[in-house]
Structure formats: C-alpha cells, structure tokens
Amino acid sequence: MSYETILVNAEKNVATITFNRPKALNALNDKLLTELSAALDEIAAQKDIHVLVLTGSGNKAFVAGADITELATLDAAQGKACSEKGHKAIGKLQELEIPVIAAVNGFALGGGSEMALASDFIYASEAAKFGLPEITLGLIPGYGGTQRLPRAVGANIAKEMILTGKMISAAEAKEIGMVNKVVAPDALMDEVMKTAEAIAAKGRVPVRAAKKAVNEGLNVDLPSGCAIEIDAFAACVSGSDAKEGTSAFLEKRKPVFNA
Ligand code: CO8
C-alpha cells in the first residue's frame, strides 16, 4: 500500500515508517494517524518483519506534535474524538508484537514525544529536542504524555516537563532515562539499524514474549508480573528457538534463528 503522509519500507527483516510531512515538521494530522494505523496493521501481518523503526523525514523534525492548524478549531466532542483516534493509533504501536525503536532525528514535541514514548526505546540524534509544550497552547498532552512520560522518567520530572512545557536536549533526555542512546546526526540511522538487525536476528518467539512480559508486567503488581514471566518462559522453553539457542551453545556455534 502507498501512503501520502508516511513512507514505509522494509529491509533485512526491519520495517521503517518515516513520518513525511516535512513542510509541517512532520506534524500529526488526521490523515497521518489514519495512515499510520493502516501501516501498523500491514506490518503486523508480515511474518518476516521482526522489528519496526520510526523516524521523521528531513533533518529538522521527528514529529513536531499534533497538527496545530487542526487543533485550533476543535470543540470538546471533536477534541475527544481526535484524542481517542491518536490514542488508538499510538496504542496500536505500543501493542505491536514486534519491538519498535524510535530514531528521533530532530524535534519530538507534543504528539512527537508521545509517539516516541510509545516505542520500546528511543535513540536520538545530538540535534534532537524533546518536550510536551501543550501547556503553552492552553492544552494538556492528549496522546498519552501524562501517562507514559511519568512511567518512563518518574512523576516529578514528568510533571516539571508537562507543567512548564520546556524543551530538553537529547543529552538531558538521556540523563532522565527517556532516551537510551545519543549519537551524531549522521550516525543515527546506522546505529538504530545495527540494533534493529541484532534484535531481528534473535528468535522471533522469545523477542515477542519478552516485550509482552515487560509491557504487561508494568500494569500489574510484582507477583502478578512474575506470574506473567513464568508462563511466558514456559511457553518459550519448549519452542524451536530455545532448542536452537541451547543446542548452539552446547555445540559451540552461533545460533541461527528464524531460518
Ligand atoms: N502543527 C502544524 N504545523 C507545524 C507544527 C505543528 N505542530 N510545528 C511546526 N509547524 C509548521 C510551522 O507552522 C511552519 O509552517 P510554515 O512554514 O507554513 O509557516 C513549519 O512547520 C516550520 O516551522 P517553524 O517555522 O515554526 O520552524 P522553527 O524552526 O522556527 O520552529 C518549532 C520549530 C520550535 C518546532 C516550532 O515549529 C514549534 O514550536 N512548533 C509547534 C510545536 C508544538 O507546540 N507541538 C505540540 C503540538 S500540540 C500536540 O502535540 C498535542 C497532542 C495531543 C492532541 C490530542 C487531540 C488532537
């Protein structure tokens, strides 16, 4: 399928979605959310795609937030519907069975930070900037920022960012635990692809099981989370990936998964 507001491509078991509205700094309009949701369904159905990477086109922005021209005229009912639509698309991203890496190449503001936070982890260019500036627009985050940011960095730091609307650098985002790695702008995609391909070469069943166990465990108490892990471990241990991984170790060779 081809799209107007995003680019989708796949190579070596890794799919990439590039937000592609460079004239509006890749802002999330209604069409982009519709297309993102369709692209995620398409990717989820492809068994040979093991990892998804998200990035922004151009060298200035990952996503500069929801499209403010659309936001400016919403009444409460329309605002609720728009927020729900964004939550649905971003929730689908978080619940995708395969890991998702956000390659943040520039501004990730408002909905842009919220999209990155719904990924499994974030690598950022030294030029990236993060923030939830909605308060400056007389709004609050509407695509999960009040929920995912505190879970990622703790309530106090999240509240400071949300209440001030301030932008932070990639280095600061790494310091607070929002970002895993910061690299030079030119090195970002190579670094992300290296990690994506390393994960893609692992067994698809345990990779999916590990992501699911972490995500589901974060929503329950520790004993319930440990019970989730026990069941997921048991399901993996009898599978072909465990057979290959353990045999390869004992035979002193490299495992070959997903053959
Ligand atoms: N929406 C629409 N257009 C945008 C957006 C945006 N979020 N961000 C930038 N643009 C446009 C600009 O209007 C400009 O267009 P034009 O060339 O036609 O004037 C073009 O992109 C380039 O932007 P600038 O000229 O402003 O570039 P600068 O380098 O001077 O500044 C900034 C870059 C700092 C990123 C600046 O553009 C900016 O502050 N953008 C807005 C950032 C923002 O506030 N984002 C949060 C939006 S609200 C949100 O995300 C809420 C999510 C939940 C919504 C739930 C219900 C729908």
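The values are calculated or read from the model by the stated rules, or taken from the named source; none is laboratory data. From a predicted model like this one, the values you see are computed outputs, not experimental measurements. Cβ: placed from backbone, ideal geometry, glycine included. Neighbour counts: every protein chain shown. Note: accessible area is taken over every heavy atom of the protein model, side chains too, but ligands, DNA and RNA are not part of it. Shrake-Rupley method; radii C 1.70, N 1.55, O 1.52, S 1.80 Å.
Taking the Cα atoms of the stretch 1-109, report the difference between the largest and smallest coordinate on each principal axis, in whole Å and largest first.
Projected onto the principal axes, the Cα atoms of the stretch 1-109 cover 44, 29, 22 Å.
Given labels modelled 7 Å from the Cα in the Cβ direction, how far is it in nm from VAL237 to LEU250?
1.5 nm
Where does helix 76-95 land angle-wise versus the long Cα axis of the chain, in degrees 0 to 90, nearest 10?
Value to nearest ten degrees: 20.
I want to check the label-to-label distance for ASN9 and ALA184. Put each point 7 Å from Cα in the C-beta direction and report it in nm to one decimal.
So the two model labels end up 2.3 nm from each other.
Rounded to the nearest 0.05, what FRET efficiency is calculated for LEU163 and ALA77 with R0 set to 30 Å and r the Cβ-Cβ distance? List each step's numbers first, then the result.
On the way: r = 27 Å, r/R0 = 0.89.
FRET efficiency, LEU163 to ALA77: 0.65.
Stokes-Einstein D for the stretch 33-85 at 20 °C, 1.002 mPa s, Kirkwood Rh over Cα pairs, in µm²/s?
156 µm²/s
How large are Rg and Dmax for the stretch 6-200 when only the alpha carbon atoms are used, in Å?
Cα radius of gyration and Dmax of the stretch 6-200 are 15.4, 46 Å respectively.
Under a point spin-label approximation (7 Å from Cα along Cα-to-Cβ), what is the ASP48-LYS88 distance to one decimal in nm?
Inter-label distance under the simple model: 3.2 nm.
Using only the alpha carbons of the stretch 204-250, determine the length spanned along each of the three principal axes and report them from longest to shortest in whole angstroms.
The Cα atoms of the stretch 204-250 stretch 36, 17, 14 Å along their principal axes.
Would you calculate the volume per residue, in Å³, of the smallest convex hull containing every Cα atom of the stretch 112-201?
Details: hull volume 7.9 nm³, N = 90.
About 87 Å³ per residue, rounded to a whole number.
Over the chain, calculate the relative contact order: mean separation of alpha carbon pairs under 8 Å at least 6 apart, over the residue count, as a percent.
On the way: 466 pairs, mean separation 40.0, N = 259.
That works out to 15 percent.
When the accessible area of the chain is split by element with a 1.4 Å probe, what percent falls to carbon and sulfur?
Details: 7850 of 13480 Å².
Here it works out to 58 percent.
Counting just the Cα atoms, what span does the stretch 71-154 cover along each of its three principal axes? Round to the nearest Å and put the largest first.
Over the stretch 71-154, Cα extents along the principal axes are 36, 30, 23 Å.
Give the accessible surface of the stretch 6-200 per residue, rounded to a whole number of Å², with probe radius 1.4 Å and ligands, DNA and RNA excluded. If you can, show how the numbers build up before the last one.
Numbers: 8740 Å² over 195 residues.
Roughly 45 Å² per residue, with all protein chains present.
With +1 assigned to the C-beta of every Lys and Arg and -1 to the C-beta of every Asp and Glu, and no other charges, what is the dipole magnitude of the chain about the Cα centre in debye, to the nearest 20?
Working: 27 positive and 31 negative charges, 71 e Å.
Rounded to the nearest 20 debye, it is 340 debye.
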